[in-house]
1. Viscosity 1.567 mPa s, temperature 4 °C: give me the Stokes-Einstein translational D for region A:132-177 in µm²/s, with Rh taken as the Kirkwood radius over C-alpha pairs.
2. Taking each pair of different alpha-carbon atoms in the protein assembly as shown once, compute 1/r for the pair, average those values, and report the inverse of that mean as the Kirkwood hydrodynamic radius in Å to one decimal.
3. Using a 10 angstrom Cβ neighbour count of at most 16 plus a DSSP loop assignment to flag exposed trypsin sites (Lys or Arg not before Pro), which longest range of chain B is free of such sites?
4. Using a 10 angstrom Cβ neighbour count of at most 12 plus a DSSP loop assignment to flag exposed GluC sites (Glu not before Pro), which longest range of chain A is free of such sites?
5. Rounded to the nearest 5, what % of DSSP beta bridges with both residues in chain B are antiparallel?
6. For A:L209, enumerate residues with amide H under 5 Å from its amide H, sequence gap 5+ or separate chain, H modeled in the peptide plane.
7. For chain B, set up a Gaussian network in which alpha carbons nearer than 10 Å are linked by springs, and say which option among B:T27, B:T54, B:T65 fluctuates the most.
8. So which residue, out of B:S62, B:S171, B:S228, gets the largest mean-square fluctuation from a GNM of chain B using Cα contacts under 10 Å as springs?
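Read-outs throughout are calculated quantities, based only on the coordinates presented, and are distinct from any laboratory measurement. The model shown is predicted, which means the values in this text are computed figures rather than measured ones. Neighbour counts run over all protein chains shown; Cβ positions are idealised from the backbone, glycine included.
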Amino acid sequence: MLSEEQSQKHITTGSGDLNNILGGGIHCKEVTEIGGVPGVGKTQLGIQLAINVQIPVEYGGLGGKAVYIDTEGSFMVERVYQIAEGCISDILEHFPHSHEKSSFAQKQLQPEHFLADIYYFRVCSYTEQIAAINYLEKFLGEHKDVRIVIIDSVTFHFRQDFDDMALRTRVLSGLSLKLMKIAKAYNLAVVLLNQVTTKFAEGSFQLTLALGDSWSHSCTNRLILYWNGNDRYAYLDKSPSLPVASAPYAVTGKGVRDAGNSNHKRVRVT
Amino acid sequence: MMNHDQPSAKDQCGKIWSGIQLLKDTTENKHFLPTGLEGIDTLLGGGLRQGQLTEVTGPSSSGKTQVCLHSASLVAAKNMGVVMYLDTSNSFSASRVATIIDGSSDLFELGLDLQPKDMRLKSVMRSIICESVFDIFALFEVLHQLEVSLLNDKVNNGGSKMCLLIIDSISSLLAPIIGGKYPQGRSMMISVAMILKKLADEHNLSVLVTNHMVSAGNGAVKPALGESWRAVPHVRLVLSRECGSNICTATVLKHTLKASGRTAKFVVPS
């Protein structure tokens, strides 16, 4: 089991600092929840991961495909194209001796190919979301090269129009167990993007992840994205093997990168 | 007409113990299995008691999985017996077990750190049986098979018998079925509770389960699984952790031998 773990590759987030606090990147066989206020970059990170999972094995990636389940309609194809181009230019920069790699691998490095390997599902209600996840198992049995499933955002359809809270808890915990099972059985990473809400606790209002206390136990790891002044930070809130830690990151024209140079950063819009 | 196939009433009601036999059994057989986390072991009066069901509950990321991982690692490393670890959130990691053993001061005292690291880890991992369980029916199946194997004395690692059963977390498995108008969920929960207690008693196991918290109104939280579950575990601990630190606090909710309400702090080493 240990040797299996050690050979497990991680999906890079694009930012070295972020990868470090995550222990190399997003882990396969685990469910990672990423939450944050609107505008902090959750969807950007989701799209970045959908691209990064496809980095060919020759260049240190997983060479897998992605499933993107979109509940809010925030998947902008033009932005995905831009991020794919940014990823390719970084790969070619990092591996300048590209004549050593097969020319076939290089030809595959086209943004169109990256877009083609993302399976996109748009769901418009919570019943569609449940159906999509139930269908996922069959889909993954047929498409064994999928290495990441991203759900953006898992909470959207469950926040409104749900009268029976107990039913919501039951449905959500059933959903999370199914996702855990899929992650383990098909050796892929499951990334759930979540929104925040305010909670009245200890006499004050606090920002907390949506869907309540019972949902907070349904993931293996949790990453919280937040603003610190004008900089974006990520805080690893829950992990079975890593200590809690924070790291800065930036969203640039090319995608999610390290927060080093502030030239191309997208600024906070409030 | 005597029906010789039916067992007589005497066989069916099990062994009848006298007080002296019980005391002898308790002192000789019902040992405390240490968790390796000082504060917790003190609160528990030595560790997880064989023959008893111990529950660790707390909000998300308060250290429950760490208690499970530490117990499993230490019991296996000290060759106290075989550990069965049922994982519902893909949190069991062999590399984390390795880190725990390498950092453990207990082993240093016992001189067990003299073996080469990888050999030590291999022998520890052989004593831990880890299975992923993602729904309540799978849990019943696993427990049933365990019962059969234990009766046939098949669960051992070179002579040592099973002594610890960990379910992390039992509340995730029960959450999709309890609540609502239908009582089947609660009856399944009580069935699981009875099977676990029977296993603990008949095969001298210590059973450790984790539970999560739900809201109790007015911002307060309480352990999940409701009133019927409250009476089930012999010992209940509540954990909490301050944001950003690795010092956790444990409070005794219920204990068969000691007073409740005592707290202790413990550090989760990274």
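1. 105 µm²/s
2. 25.0 Å
3. Numbers: sites that count: B:K15, B:K30, B:K154, B:K181, B:K258, B:R262.
Counting at most 16 other Cβ atoms within 10 Å as exposed, the longest clean stretch of chain B is B:31-153.
4. A:101-201
5. On the way: 19 of 43 bridges.
Of all bridge pairs located within chain B, approximately 45 percent are antiparallel.
6. A:T197
7. Most flexible of the set in this elastic network: B:T27.
8. Of B:S62, B:S171, B:S228, the Gaussian network model singles out B:S228 as fluctuating most.
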